[in-house]
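Where a number appears in this text, it was derived from the coordinates with a stated rule and is not lab data. Note that the structure is a prediction, hence the values are computed from the model and not measured. Here the Cβ positions follow ideal geometry from the backbone for every residue, glycine too, while neighbour counts run over all protein chains shown.
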Amino acid sequence: MRRIRPRRSPGAPLLVLAWAGAVAVLWLWWRGTPAVAATTADRLTNAGRITGLLAGYVIALVIAQMARIPALERRVGSDRVVRWHARSGRYALTLTLSHVVLILYGYALQADSGIVAQTVSVVTDYPRMIEAALGTLLLLLVGFVSAGAVRRRMRYELWYYLHLLTYAAVYLAFWHQLATGSEFVGNATARTAWYALYVMAGALLLWYRVLTPVRLNLRHRMRVESVVQETPGVVSVLIRGRRLHRLGAEAGQFFRWRFLTKGLRWSANPYSLSAPPRPDLLRITVKAVGGHSAALAGLRPGTRVWAEGPYGAMTAARRSRGKVLLLAGGAGITPLRALFETLPGAPGDLTLLYRARTAQELALRDELEAIADARGAQLLYAVNRPDGRRTAITAKMLRRLLPDIARHDVYLCGPPGLAEESYAALREAGVPHRRIHHESFEF
């Protein structure tokens with residue numbers, strides 16, 4: 001097969017644009033600061049102004065990243081956008097705390113007062129500061145529950161709803177920037193630019209998180225067709241709707257699904273398509289690993305479905321080589337099963353390596369074997385040994401199975417531990433980073 005030109009990701013230009021915005025914010029401070037006095041108080045206060053401006057800018061980016069802009073999610077990749085969002089959130093929280101500490105300490109030195117007395121004075125006497133204090137407390141709460149050690153101990157649904165407090169925090173904290181920020185008081189141009197930044201972020205959020213899903217679901221009117229038991233703890237949910245081909249979904253992508261029935265209607269969870277989309281039918285295959293996923297086995301035909309998407313960049317557009325290895329583990333088989341059927345390739349071009357603990361846990365096995373037979377593709381299983389010892393994915397194993405592994409594109413999907421192990425083995429086997437395509441749905 002001829003060399004395939006993959007679709008270029010706009011990730012690098014977007015990062016450059018984001019940093020350029022930060023430089024513009026620093027220029028705003030520089031332009032509004034004729035001079036910085038040599039006193040410690042003035043230096044602390046100006047450092048507080050800088051961190052406050054940067055915090056406000058980064059928070060606007062956080063809101064824009066929460067919009068789930070389809071073009072961004074498809075071209076850059078949902079997991080990469082999520083990492084940007086998490087990193088931006090940490091920056092925003094750090095800058096906000098730095099702003100609070102530096103400003104209060106600087107003001108306390110200027111007024112020759114204690115830090116507690118100065119804090120009370122700022123919150124009660126300055127305009128819009130009570131709202132800002134409440135907003136800051138909400139940001140701290142969101143930051144706390146988003147810390148990895150805390151988040152891993154929480155149900156996804158609880159974390160999701162607490163995370164929504166970010167919107168309230170941003171709204172409460174926004175107004176004090178314009179009311180007390182010396183860069184904005186008396187500078188109509190700066191105020192207009194700041195309003196435009198937040199209005200743009202808010203408009204993206206409203207359009208893609210509210211209006212677009214409403215339009216999608218009113219148009220396609222999806223309902224559960226049936227639920228099929230695949231293996232113990234794994235079910236496929238078939239979803240029927242109108243003109244589903246107009247969704248533009250591709251093999252390898254996912255939707256965020258909300259099933260409008262008791263116990264599920266307020267939770268939207270990401271599940272990948274496990275078969276190529278049809279004009280009237282979509283299918284997801286889900287392993288019971290939590291309350292939401294386990295409840296899907298009890299869905300009744302006719303249950304209304306609310307979906308957002310499609311999302312994800314782990315599609316055929318990422319491919320750059322003729323030969324492809326699909327490496328799946330556990331529930332990660334779902335998007336790769338769809339790609340196994342649809343990726344263009346001559347006999348011998350495609351290989352699927354499926355890792356599971358036991359042969360009984362190999363979901364969709366009959367389908368995979370039928371696809372492999374029809375396409376002349378190679379289907380390999382890696383299960384634990386009869387004595388229970390785990391079969392690890394290693395560079396030696398990969399080279400033995402595919403001597404030319406370094407000339408393959410690799411699509412990788414599975415639990416975090418398996419994904420990390422497989423990525424390390426692939427790199428050791430000579431596969432370049434740019435040809436390992438992986439998206440993680442770990443929240």
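As a rough guide to protection, the peptides 352-363, 164-175 ranked by mean Cβ packing within 10 Å, highest first, stand as 352-363, 164-175.
A simple count of charges around P70, restricted to other residues whose Cβ falls under 13 Å of its Cβ and scoring Lys, Arg +1 and Asp, Glu -1, yields +3. When the helices of the chain are scored as -39500 (n - 2.57) per DSSP H run of n ≥ 4 and the total is divided over every residue, the value at 222 nm lands at -16000 deg cm²/dmol.
In summary, the aspartates and glutamates within cross-link reach of K396, defined as a Cα separation below 20 angstrom excluding same-chain residues under 8 places away, comprise D404, D409, E420, E421, E428. Only Cα pairs under 8 Å and 6+ residues apart enter the sum, and on that basis the relative contact order of the chain stands at 14 percent.
Take the Cα of A196, step 7 Å along the line toward its Cβ, and report every residue of the stretch 47-62 whose backbone nitrogen sits under 14 Å from that point. Counting backbone N atoms under 14 Å from the label point, the list is empty.
When peptides 40-51, 198-209 are ranked by their average number of other Cβ atoms within 10 Å per residue, the highest-first order is 40-51, 198-209. The calculated P(r) of the stretch 221-311, using every Cα pair and 10 Å bins from 0, goes 17, 58, 24, 1 in percent. Ordering of 73-80, 398-405, 248-255 by packing is 248-255, 73-80, 398-405, highest average first (other Cβ atoms within 10 Å, averaged per residue).
For the chain, the longest principal axis of the Cα atoms and the long axis of helix 78-111 meet at an angle of about 20 degrees. What you get for the stretch 231-270, charging only the Cβ of Lys and Arg (+1) and of Asp and Glu (-1), is a dipole of about 300 debye around the Cα centre.
Within the shell of other residues whose beta carbon sits under 14 angstrom from the beta carbon of W30, the net charge comes to +1, with Lys and Arg scored +1 and Asp and Glu -1.
Once the Cα-Cα distance is subtracted from the 0.36 nm per residue extended length, the R265 to R385 segment shows a gain of 39.1 nm. Percent of C-alpha pairs per 10 Å bin in the chain, short distances first: 4, 18, 25, 22, 15, 10, 5, 1, 0.
Annotation: lysines with alpha-carbon distance below 23 angstrom to K262 (same-chain offsets under eight excluded): K287. Between the helical axis of 40-65 and the longest alpha-carbon principal axis of the chain there is an angle of about 30 degrees.
Taking Cβ atoms as reference points and 14 Å as the exclusive limit, the residues near Y171 contribute a net charge of 0, counting Lys and Arg as +1 and Asp and Glu as -1.
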